[in-house]
Amino acid sequence: MKAFPIFALLAVAVVCCSLLPEHAHATVVESCGDTRALVPIEENVIEISNCEKGPCKLKRRTSVSINQKFTPSEDVKSLNTAVFAKIVGLPLPFIGVDGTSACQYLFAEDGETQVGCPLKAGVPVVYKRSFDVLEIYPKIPSMTIHWELQTKSGRAITCFEVPAKIV
């Protein structure tokens, strides 16, 4: 009989955990090492589709989405995206994503209302971006993706890295 209350408590815990908010599916990422981002990695919530922990499997002929919630600690006029894959120590830019404006991919905290640039200090935003993993990409068993949002002068606002592979 004593087992029933323990089983019931476990069942309630499982149900409660499945009802946790969006943060329950955040992807485990790493800081960018020597890059000093304005918003520390601990203050970001990053979700990469179909990847809770690296290495993320990027399947060719699919689209991968990145959702990143962060709160700038100072006003930011505009943001650019710096994205590359480190393969055997060489940085290879993500064509079509690297060097593009991030402003059109910025939303209010609800994730629905587009806010664009400029960003106000203390106001949370969600960066939502997707990219295609093209069929022409070779299968790569090990790489690190570097994803950075930066000012036009190159100052990092947010930055994260995650191990990945193209399958």
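The values are calculated or read from the model by the stated rules, or taken from the named source; none is laboratory data. This is a predicted model, so every value here is computed, not measured. Every residue, glycine as well, gets a Cβ built from its backbone with ideal geometry; the counts of neighbours run over all protein chains shown. Only protein heavy atoms, including side chains, enter the accessible area calculation; ligands, DNA and RNA are left aside. Shrake-Rupley method; radii C 1.70, N 1.55, O 1.52, S 1.80 Å.
A few remarks follow.
- Of the cross-linked pairs LYS86/LYS120; LYS57/LYS128; LYS59/LYS152; LYS57/LYS120, those separated by over 30 Å at the C-alpha level are LYS86/LYS120; LYS59/LYS152; LYS57/LYS120.
- Gained length - TYR137 relative to ALA156, 0.36 nm times residue gap less alpha-carbon distance: 4.0 nm
- Projected onto planes of every orientation and averaged, the convex hull of the alpha-carbon atoms in region 29-93 covers 5.7 nm².
- Note on region 30-166: Rg/Rh from Cα positions, Kirkwood definition for Rh, rounded to two decimals, is 0.95.
- Under Karplus coefficients 6.51, -1.76 and 1.60, residue-wise ³J(HN,Hα) of region 145-150 in Hz, glycine/proline x: 8, 10, 10, 9, 9, 9
- Peptides 37-44, 123-130 ordered by average Cβ neighbours within 10 Å, highest first: 123-130, 37-44
- Between the amide H of VAL115 and those of LEU106, PHE107, ALA108, distances stay under 5 Å, these residues lying 5 or more places away or on another chain, with hydrogens modeled in the peptide plane.
- Ligands, DNA and RNA are left out, and with a 1.4 angstrom probe the accessible area of region 30-166 is 54 Å² per residue.
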